[in-house]
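The values are calculated or read from the model by the stated rules, or taken from the named source; none is laboratory data. If you're wondering where the values come from, they're calculated on a predicted model, not measured in any experiment. Here the Cβ is made from the backbone with ideal geometry for all residues, glycine too, and neighbour counts use every protein chain on show. These accessible areas exclude ligands, DNA and RNA; they are computed on the full protein's heavy atoms, side chains included. Shrake-Rupley method; radii C 1.70, N 1.55, O 1.52, S 1.80 Å.
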Amino acid sequence: MVNIRKLEAELWESADLLRAGSKLTSNQYCMPVLGLIFLRYAYSRFKLVEKEILNNRPVRNGRVMPVEASDFASKSALFLPGEAQYEYLVNLPEDIVSAGLKNQSGHVMNSLGEVVNNAMELVEEQSEQLKGVLPKDYTMFSDALLAELLRIFNNSALDEVGGDVIGRIYEYFLNKFAKNIAQDDGVFFTPKSLVKMIVNVLEPNGGVLLDIKTPRLIQFNYSSAGFAA
C-alpha cells in the first residue's frame, strides 16, 4: 500500500532540490511544476478511460477501431493527443533539435520547453475550460532540468493511488510553493488562474477584489474583452 504522506514529501523534496540548483525563483518555478502534475494526472486518467473504451471497442477487418476524442467526452474524461501524453514527453530523445519535432504551427521545436509548451496548447484545445489556463513558459527551464522534473513525476505510484490522491499532491505542492514564495518575495501567492476563475464566477463589470487570506488587494478589470489583474 502506498504511503501518501511519504510520496508527497519525496516528490516535493526531489522537485524543490532541482529548483535550489537552478536560477529560478519559487514564483517562476511554481506554475510550470503544477502544470506538470496536472498533465501527469490527466495522463493517468486518460490511460484508465482508454482501457475501459478498448474493452468494448468494435473490430473492423480484424482491427480494433482507434479511440477518438468523442469517446472520452462521453465518459467526462479529457482526451490527450499523442504529443500531449506524459509517456511521449518522458521518452523524448535528449537531443530535441535532432528529432526535428514540429509544433502545431509547423515550426521546428529546438528545446524540450517548446515541446512541453506545445503539449499544453494541445491539451487546452480539448477543453474550453482549460483555454488560457495552463502554463506555457517552460522555455525558461533548461532541457536537463525539465527532463528530470518529467522523470520525477513519472512515478508508477501515482497510477496506483488514483486521481483523488494526485489532486491531494497538487494541493500539497501548492501550499508548499505558497510558503516559499511568501518567504522569497514577501508576498503571498494566489495563482492567476484561480483569481480568474473567482472573477468569472462573480461576473463583475470591474472593481477591486480583496483576497481575505492575505493583507493585500487584487485590482482587476473585467469586461467582455477579457480579464486583467
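If you add up the charges near ALA157, with Lys and Arg at +1 and Asp and Glu at -1, over every other residue whose beta carbon is less than 12 angstrom from its beta carbon, what do you get? Provide the component values of the computation, followed by the final result.
Numbers: positive: LYS6, ARG40; negative: GLU8, GLU10, ASP159, GLU160.
For residues surrounding ALA157, the net value is -2.
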**Message:** How charged is the neighbourhood of TYR86? Take every other residue with its Cβ under 12 Å from the Cβ of TYR86, and add Lys/Arg as +1 and Asp/Glu as -1.
**Reply:** +1
**Prompt:** Within the accessible area of region 1-125, what % is carbon and sulfur when the probe is 1.4 Å and the other protein chains stay in place?
**Reply:** 48
**Fill in**
Expressed in square angstrom to the nearest 10, the accessible area of PHE141 with a 1.4 Å probe stands at 10
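When you count, for each residue, the other Cβ atoms within 10 Å and take the mean per peptide, how do 129-138, 29-38, 100-109 rank with the highest first?
On the way: 129-138: 16.1, 29-38: 22.0, 100-109: 12.0.
So the peptides 129-138, 29-38, 100-109, ranked by packing, come out 29-38, 129-138, 100-109.
Classify region 42-89 as rounded, prolate or oblate, taking a ≥ b ≥ c as the square roots of the eigenvalues of its Cα gyration tensor: rounded when a/c is under 1.5, otherwise prolate if a/b is larger than b/c and oblate if not. Write down the numbers at each step before the final one.
Details: a/c = 2.16, a/b = 1.53, b/c = 1.41.
It comes out prolate by the Cα gyration axes.
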**Message:** At a threshold of 8 angstrom on Cα-Cα distance, excluding pairs fewer than six apart, so keeping six or more, what relative contact order does region 50-152 reach in percent?
**Reply:** 21
**Complete:** For region 107-146, the per residue accessible area (1.4 Å probe, Å²) is 46
**Asked** Between region 113-178 and region 39-104, how many Å separate their Cα centres?
**Response** 16
